[in-house]
Amino acid sequence: MSKPFLSIEELTQVYPDGKGGELTVFEKASFGVEKGEFVVILGHSGCGKSTIMNILAGLAEPTSGVVKMDGYEVSGPSLDRGVVFQNYSLLPWLSTLKNVTFGVAARHPEWSKAQVVEHSTKFLAMVGLEGDVIHRKPSQLSGGMRQRVSIARAFANHPQLLLLDEPFGALDALTRGTIQDELLKIWGGTEQTVFMITHDIDEAILLADRILLMTNGPFARVAESVEITIPRPRTRTTIVDHPNYYAIRNHLVHFLGERSKELAGQKGDEVNKPVPVRIDKTVSVSESEPETPRPLRAVNS
Ligand SMILES: Nc1ncnc2c1ncn2[C@@H]1O[C@H](COP(=O)(O)OP(=O)(O)OP(=O)(O)O)[C@@H](O)[C@H]1O
Ligand SMILES: [Mg+2]
């Protein structure tokens, strides 16, 4: 079988525990992400999600193991991997607009200044930031606004891989919904691959092709890969009526509520690969798997 677009191979992260000992966050975690896939990772606080994302971004080195993108080992950050950090990480000395133009200009050195500004302004408007506000410094923005700048900055660069660490955490429900829709539109219209962390189960079901479930740490494991068997386009209001919605949701809630603890801390020598889980109430047990795979993407319109 050919290798996936993004290949995480036997990733282990050990940190000093602050008491002279060691903390093994996860050990030999291995999984793949296909090109164009939207993968969401769910797990309790501290299990190692941001650590995995920082390694995928090339911003941190694992204790052992490798990450390969398109067959090449990831080392150091790249414009091909766009990140929205849990804590926004904007450049405080630059205006909102310049925080976005900075990367766009680096990505498109052949563009005129006006083109760079026009492109960046369009992406800021997409996340609801227009007018005078784009000339303010990050310190003059609210937390939710800063998060939106960070989202616009990542999207505007059209990276091959979009890494999103709880990107909508600081947003009110209305803005969150709008930006989720924008994200689906952008993703649906491009070849981008998305890897996203969230704590919101409903958001995960709405957005993902697949949800990776992590057990609690230390020695956290990426235990399951749950396929979201709800066709696209999806909307918040229509997915709840799909026969698979509550079955998938209950499975996720049960994992996070109980099994993430029961399975926690199981140290082992084997490579840790997630077990594929497919829940589909629309096929009877006697029916075989559908022959044609469902389309990977479709734009929400
Ligand atoms: N630089 C570091 N040095 C030592 N320990 C660290 C470091 N970074 C993270 N850790 C520890 O590694 C574990 C995983 O942290 P990580 O930030 O990846 O968790 P997370 O799953 O993203 O949690 P959350 O959902 O709260 O964001 C935690 O126990 C954390 O204390
Ligand atoms: Mg985190």
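Tabulated data
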read-out	value
Failed item in (1) touching a residue at least 12 places away in the same chain (Cβ under 8 Å); (2) in a helix (DSSP H, G or I); (3) away from ligand 1 (no atom under 16 Å from the Cβ), with PRO233 passing the rest	(2)
Failed condition for VAL116, given (1) touching a residue at least 24 places away in the same chain (Cβ under 8 Å); (2) surrounded by 21 or more Cβ atoms within 10 Å (Cβ to Cβ); (3) over 15 Å from the mean Cα position of the chain (by Cα)	(1)
Flag for GLY58 being crowded, with 18+ Cβ neighbours inside 10 Å and out of contact with any Lys or Arg (no Cβ under 6 Å at 6 or more places or on another chain)	yes
For SER64: the one exception among (1) surrounded by fewer than 18 Cβ atoms within 10 Å (Cβ to Cβ); (2) within 12 Å of ligand 1 (Cβ to nearest atom); (3) farther than 19 Å from PRO159 by Cβ	(2)
Filtered residues of segment 197-230 (kept if among the small types (Gly, Ala, Ser), outside any helix (DSSP H, G or I) and within 16 Å of ligand 2 (Cβ to nearest atom))	GLY217, ALA220
Flag if VAL271 is out of contact with any Lys or Arg (no Cβ under 7 Å at 6 or more places or on another chain) and in the same structural domain as GLY46 (by TED's automatic domain parsing)	no
All positions within segment 119-137 that are free of Cβ contacts under 8 Å to residues at least 40 places away in the same chain and outside any helix (DSSP H, G or I)	LEU129, GLU130
Matching residues in segment 52-72 - criterion: being without any contact (Cβ under 8 Å) to a residue 60 or more places away in the chain and either outside the structural domain of MET214 (by TED's automatic domain parsing) or within 23 Å of ASP202 (Cα to Cα) (or both)	ILE52
Residues located in segment 150-188, provided they are among the small types (Gly, Ala, Ser) and in a loop (DSSP other than H, G, I, E, B)	GLY169, ALA170
Single residue of segment 19-64 satisfying the filter (under 20 Å from ALA264 (Cβ atoms) and small (Gly, Ala, Ser)) that is farthest from ligand 2 (Cβ to nearest atom)	GLY21
Check on GLU22, surrounded by 14 or more Cβ atoms within 10 Å (Cβ to Cβ) and farther than 20 Å from ALA156 by Cα	no
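The values are calculated or read from the model by the stated rules, or taken from the named source; none is laboratory data. Everything quoted here is computed from the prediction, not taken from an experiment. When we count neighbours, we look across all protein chains shown, and the Cβ atoms used for this are built from the backbone with ideal geometry, even at glycine.
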